[in-house]
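Asker: Take a look at the following structure, please.
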Amino acid sequence: RNTFELSARRDNNSQFGGKTTGQAAWGFDISDDMRLRASWGQGFRAPNFNELYYPGFFFFGDFYYKGNPDLQPESSRSAELGFIFDIGTRQTIELSGYRTSVEELIAFEGPLASAVNIKHARLTGAEVEYKYLGELFSLSANAGWQDARDLDNDTKLLRRADRKLNIKADFKINEQWDWGLDFQAASERPDFGSPTPGYGRIDARIAYQFADAWSLEARLENLGDND
């Protein structure tokens, strides 16, 4: 009834030195149709080339989104708890909550939107996911709520939506043809000057399997032509 997982990782960066991180996870079968999972882990990310050295672009007399050669790598600690419920043989619901603490978070939030390290940040959130797998129709949907915050200033981190929604529907026409719809939505998120509005977007796709190992897919994205 128990499942355990332990892992370790070693990063060696010629510019920022070495870092060892680890993760641990546990799963427990409460019953035949209900499972509990918990995990804890560490993370490490060195700044990439653009975050360090991008010259920025010239706009209204100054350079914006410049890199910062003085950036430090970011490190994080995350914990997550989740419940998985099987409804019969075709449906699954999963609920989860998480908290991530980040030190030296790399973000373009400094003067003129240049790259900076945010000393202490925290991301707290919850997610719900639903899956249905049928013979001719399948559906998956997930919704997320998140509070991403700069703890030193008690302000929200920029360009991170509080709420997100994704829905994917697949329809099987016959053994060769199938088609589907994808819906994405995100709430308003803070940015420089004024918030960036929320949005919703629908994509369509159709696929034709013309051989055992080959298929061809076509997509139409943003059917509503939304900004």
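Asker: Restricting attention to the stretch 22-43, which residues are more than 15 Å from Phe83 (Cα to Cα) and of a type in the set (Gly, Ala, Ser)?
Answerer: Listed by number, the residues that qualify are Gly22, Ala24, Gly41, Gly43.
Asker: Can I ask one more? Could you look through the stretch 142-161, keep only residues that are part of a loop (DSSP other than H, G, I, E, B), touching a strand residue (DSSP E or B) at 6+ places or on another chain (Cβ under 6 Å) and of a type outside the set (A, V, I, L, M), and pick out the one that is farthest from Glu188 (Cα to Cα)?
Answerer: Among them, the one singled out is Asp152.
Asker: Cβ contacts < 8 Å: first residue farther than 17 Å from Asn174 by Cα, restricted to the stretch 199-213; second residue part of a strand (DSSP E or B) and modelled with pLDDT under 95, any location; separation 6+ or different chain. Result?
Answerer: none
Asker: Taking Asp70 as meeting all but one of (1) open to solvent by 80 Å² or more (accessible area, probe 1.4 Å); (2) among the acidic types (Asp, Glu); (3) touching a residue at least 24 places away in the same chain (Cβ under 8 Å), write down the number of the exception.
Answerer: If we test Asp70 against (1) open to solvent by 80 Å² or more (accessible area, probe 1.4 Å); (2) among the acidic types (Asp, Glu); (3) touching a residue at least 24 places away in the same chain (Cβ under 8 Å), just (3) comes out false.
Asker: Is it the case, given these coordinates, that Asn12 is polar (S, T, N, Q), exposed (fewer than 13 other Cβ atoms within 10 Å of the Cβ) and over 30 Å from Gly110 (Cβ atoms)?
Answerer: It is false that Asn12 is polar (S, T, N, Q), exposed (fewer than 13 other Cβ atoms within 10 Å of the Cβ) and over 30 Å from Gly110 (Cβ atoms).
Asker: Test Leu216 against the criterion of being more than 19 Å from the chain's Cα centre (by Cα), without any contact (Cβ under 8 Å) to a residue 12 or more places away in the chain and not in a loop (DSSP other than H, G, I, E, B), and give yes or no.
Answerer: When the stated conditions are applied, Leu216 passes them.
Asker: Pull up the stretch 179-196, narrow it to residues that are modelled with pLDDT of 95 or more and more than 17 Å from the chain's Cα centre (by Cα), then point me to the one that is farthest from Asp150 (Cα to Cα).
Answerer: Among residues in the stretch 179-196 that are modelled with pLDDT of 95 or more and more than 17 Å from the chain's Cα centre (by Cα), the one farthest from Asp150 (Cα to Cα) is Trp179.
Asker: Moving to a separate point now. Go through the residues of the stretch 7-16 one by one and say whether even a single one is in a loop (DSSP other than H, G, I, E, B), of a type outside the set (Lys, Arg) and within 21 Å of the chain's Cα centre (by Cα).
Answerer: no
Asker: I'm trying to understand the selection: among the residues of the stretch 73-97, which are under 30 Å from Asn12 (Cα atoms) and either touching a helix residue (DSSP H, G or I) at 6+ places or on another chain (Cβ under 7 Å) or open to solvent by 80 Å² or more (accessible area, probe 1.4 Å) (or both)?
Answerer: Arg77
The values are calculated or read from the model by the stated rules, or taken from the named source; none is laboratory data. On a predicted model such as this, the values are computed, not experimentally measured, just so you know. So basically every Cβ, Gly included, is an ideal-geometry build from the backbone, and we count neighbours across all protein chains shown. Calculation scope for accessible area: heavy atoms of the full protein, side chains included, ligands and nucleic acids excluded. Shrake-Rupley method; radii C 1.70, N 1.55, O 1.52, S 1.80 Å.
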